[in-house]
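Below is one structure, written out as structure tokens; comments come after it.
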Amino acid sequence: MKLIIRGEWLGNANTLLLFSLICTTCISVTLTQGQQKVNEKICKELPAPKFLLPKQLPLTALASFQGSGNTWVRQILAGATGYKTGDIYLSYGDDEYPEFSSAHNDSVLAIKTHTFSASSSDDFQFRRALVIARHPLDALYSEFNRVYGGNKTGYAEKLHLVNTDGSLTWKWDTWMTHITSWIDFYKYWIKVFPGKAYIIYYNNLKHRTFSELEGAIRFLGLEPDYVRLNCTIEFPKPAYFKRTNTPPPVDKKTLFRFSISKADKAIGIFKQLIFSEFGAESETYKRFNLDISVKDLL
């Protein structure tokens with residue numbers, strides 16, 4: 001049988017490629033879903049994220065423990081959906097970054113928060129939550145750098161981490177006690193929070209971006225715009241606050257030697273929470289991924 005395949009870019013929101021199959025029966029097939037190559041020109045011409053209509057979607061938290069990549073998730077989530085994200089901390093004005101707004105109402109897709117108490121979430125009347133989960137040591141190290149490095153893109157200096165005799169500083173030892181706060185955060189959002197929650201695993205988002213984003217978008221009640229979704233992945237904008245300078249020359253095994261067992265215990269509690277609240281057959285449990293980025297620790 002003679003078969004000729006022609007591909008044509010359509011450029012609308014939900015149709016990626018039209019394949020015309022010319023054969024004895026002249027069959028036409030349109031692919032409407034999935035991860036595909038996209039045209040860079042079309043990606044560059046996509047409109048900037050906009051506000052939602054009033055009451056278009058329920059008020060949604062984008063909840064994360066500090067240092068878990070909330071700002072980066074806001075950026076790619078807004079890019080993939082075409083809707084702005086908000087912030088209870090009023091971190092950025094509406095004109096600073098197209099994906100961000102200082103709004104914390106239903107005009108934005110999801111609202112950044114690090115809170116983990118009923119009184120705090122009730123203040124904003126969240127009805128559901130996207131919850132970002134990152135390995136506790138990665139999250140704590142990232143947040144330590146933000147606090148002691150002076151800003152979101154800096155690293156703490158070596159003197160903040162280790163003393164001249166090689167022992168760990170009081171600052172760092174004290175900081176690592178926040179592993180208990182890490183698990184308290186997830187106990188609240190997974191078990192106590194009365195609304196529905198969708199877990200975004202940070203490592204999955206880094207390495208399996210398409211499926212992790214697609215799942216989050218469907219949880220939000222939106223039909224994925226596969227042009228925007230694929231553009232966000234194939235032609236990503238630089239992360240606004242990515243660390244680009246050199247980290248301090250500190251051996252990570254030394255830095256985390258007293259914290260690994262505590263972190264492993266916290267992760268075990270987290271996994272049990274996922275099991276008890278979602279079930280072993282759930283996608284949430286099957287997607288579980290809290291690997292640490294510092295591979296030489298393992």
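Would you point out the residue of the stretch 110-137, among those that are open to solvent by 10 Å² or more (accessible area, probe 1.4 Å), over 18 Å from Leu273 (Cβ atoms) and part of a helix (DSSP H, G or I), that is modelled with the highest pLDDT?
Phe124
Which members of the stretch 193-237 meet the condition of being over 21 Å from Val108 (Cβ atoms) and of a type in the set (Val, Ile, Thr)?
Across the stretch 193-237, the qualifying residues are Thr209, Val227, Ile233.
Hey, can you tell me all the residues within the stretch 143-177 that are open to solvent by 60 Å² or more (accessible area, probe 1.4 Å) and not in a helix (DSSP H, G or I)?
Gly150, Asn151, Lys152, Glu157, Asn163, Thr164, Asp165
Quick check: is even one residue across the stretch 204-218 touching a residue at least 12 places away in the same chain (Cβ under 8 Å), open to solvent by 70 Å² or more (accessible area, probe 1.4 Å) and over 14 Å from the mean Cα position of the chain (by Cα)?
Taking every residue of the stretch 204-218 in turn, none turns out to be touching a residue at least 12 places away in the same chain (Cβ under 8 Å), open to solvent by 70 Å² or more (accessible area, probe 1.4 Å) and over 14 Å from the mean Cα position of the chain (by Cα).
Just need a number here: residues in the stretch 179-203 that are more than 12 Å from the chain's Cα centre (by Cα) and assigned to a helix (DSSP H, G or I).
Count: 14.
The values are calculated or read from the model by the stated rules, or taken from the named source; none is laboratory data. Values in this document were obtained by computation on a predicted structure and should not be read as measured data. Ideal geometry is used to build each Cβ from the backbone, glycine not excepted, and the neighbour counts take in all protein chains shown. Accessible surface areas use protein heavy atoms only, side chains included; no ligands, DNA or RNA. Shrake-Rupley method; radii C 1.70, N 1.55, O 1.52, S 1.80 Å.
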